[in-house]
Amino acid sequence: MSKTDIIHIVQSLGYDKEDVQLYLAGLELGSAPASDYAQKTGFNRVTTYNYLERLLKRGLFTGMQRSRGKWYAPVAPESLAVEARKNVEALERVLPELRSFQGAAHRKPEVRFYSGWEGVLRVYQDTLTAGEEILNFANSAIVRRHWEHYDEEYVAERVRRGIHLRGIAPDDAAGKRVHVDDRAALREIRLVPARDFNFNNEINIYGSKVAITSFGEDPEQLFGVIIESKEVADTQKQIFEMAWRYAGLLQKK
């Protein structure tokens with residue numbers, strides 16, 4: 001990747017081109033006075049000082065007073081990734097509120113289709129934007145057969161984001177094993193007879209969306225669909241609640 005590409009990517013986090021140039025110069029210089037940054041970037045010394053002071057306030061640089069004046073050092077690149085994730089998560093949390101400002105006439109139903117394993121992962125990633133609990137029909141064995149680190153990667157991230165899940169799954173060995181960890185995994189699963197309800201795909205209902213992922217032995221058969229429609233999601237929620245009550249009656253028996 002070229003330096004120009006890197007500058008554009010870091011700029012997308014909300015920094016000016018000069019900010020990024022100083023940051024990249026800092027990664028090479030380490031802790032250094034403004035004069036060194038000016039020489040490295042070719043900027044005017046006064047302008048460089050003003051930029052560095054502004055970036056110091058924004059948290060992109062740290063400063064230290066020394067006998068020969070103030071020295072500046074850039075924060076670690078990992079810090080940029082952390083801040084970027086925070087911004088994305090903050091935006092995801094307010095998406096429902098942002099959509100509420102959109103007139104009903106402009107909120108048209110939307111269907112997005114994703115093919116292959118990468119497409120399935122994109123669907124799962126979207127479920128992590130849920131601003132409320134996720135309602136789920138799933139086969140505990142199938143998803144883990146296709147995604148070896150499903151619990152460590154997806155479930156752990158859902159828990160980290162504080163998203164609760166209520167699910168209905170077949171009462172088989174995998175379902176029983178997963179059910180044991182419900183509390184730690186921030187979920188509640190109700191098991192139904194596997195001989196009657198052996199789901200081969202997964203449905204997640206959250207907010208105004210319904211996400212469907214379908215698994216097959218052939219990798220080319222994998223696909224995911226996200227339907228974004230309040231009316232469709234509301235109906236699916238009612239269907240889930242009906243199934244949830246039925247599963248509860250089975251548990252009591």
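The values are calculated or read from the model by the stated rules, or taken from the named source; none is laboratory data. Note that the structure is a prediction, hence the values are computed from the model and not measured. Here the Cβ is made from the backbone with ideal geometry for all residues, glycine too, and neighbour counts use every protein chain on show.
Given the residues 173, 156, 138, 169, which is the only one that is surrounded by fewer than 20 Cβ atoms within 10 Å (Cβ to Cβ), within 26 Å of residue 250 (Cα to Cα) and modelled with pLDDT of 90 or more? The match here is 173. Selection of the range 81-120 for residues being modelled with pLDDT of 75 or more, among the aromatic types (Phe, Trp, Tyr) and over 18 Å from the mean Cα position of the chain (by Cα) yields only 113. Of all residues in the range 184-204, one or more are buried (at least 17 other Cβ atoms within 10 Å of the Cβ), under 19 Å from residue 109 (Cβ atoms) and at pLDDT 95 or above.
Taking residue 68 as the residue in question, decide whether it is more than 25 Å from residue 157 (Cβ to Cβ), outside the structural domain of residue 233 (by TED's automatic domain parsing) and at pLDDT below 90. Quick ask: steps written out before the conclusion?
Values: more than 25 Å from residue 157 (Cβ to Cβ): yes; outside the structural domain of residue 233 (by TED's automatic domain parsing): yes; at pLDDT below 90: yes.
Yes: the conditions hold for residue 68.
Listed here are the residues, each with its yes/no results for (1) acidic (Asp, Glu); (2) outside the structural domain of residue 209 (by TED's automatic domain parsing); (3) within 23 Å of residue 197 (Cα to Cα).
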| position | (1), (2), (3) |
| --- | --- |
| 112 | no, no, no |
| 125 | no, no, no |
| 131 | no, no, no |
| 140 | no, no, yes |
| 143 | no, no, yes |
| 146 | no, no, yes |
| 152 | yes, no, no |
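Across the range 208-241, the number of residues qualifying as hydrophobic (A, V, I, L, M, F, W, C), surrounded by fewer than 16 Cβ atoms within 10 Å (Cβ to Cβ) and more than 19 Å from residue 132 (Cα to Cα) comes to 0.
For the range 240-250, state whether one or more residues are under 22 Å from the mean Cα position of the chain (by Cα) and either at pLDDT 90 or above or closer than 19 Å to residue 120 by Cα (or both). No, the range 240-250 contains no residue that is under 22 Å from the mean Cα position of the chain (by Cα) and either at pLDDT 90 or above or closer than 19 Å to residue 120 by Cα (or both).
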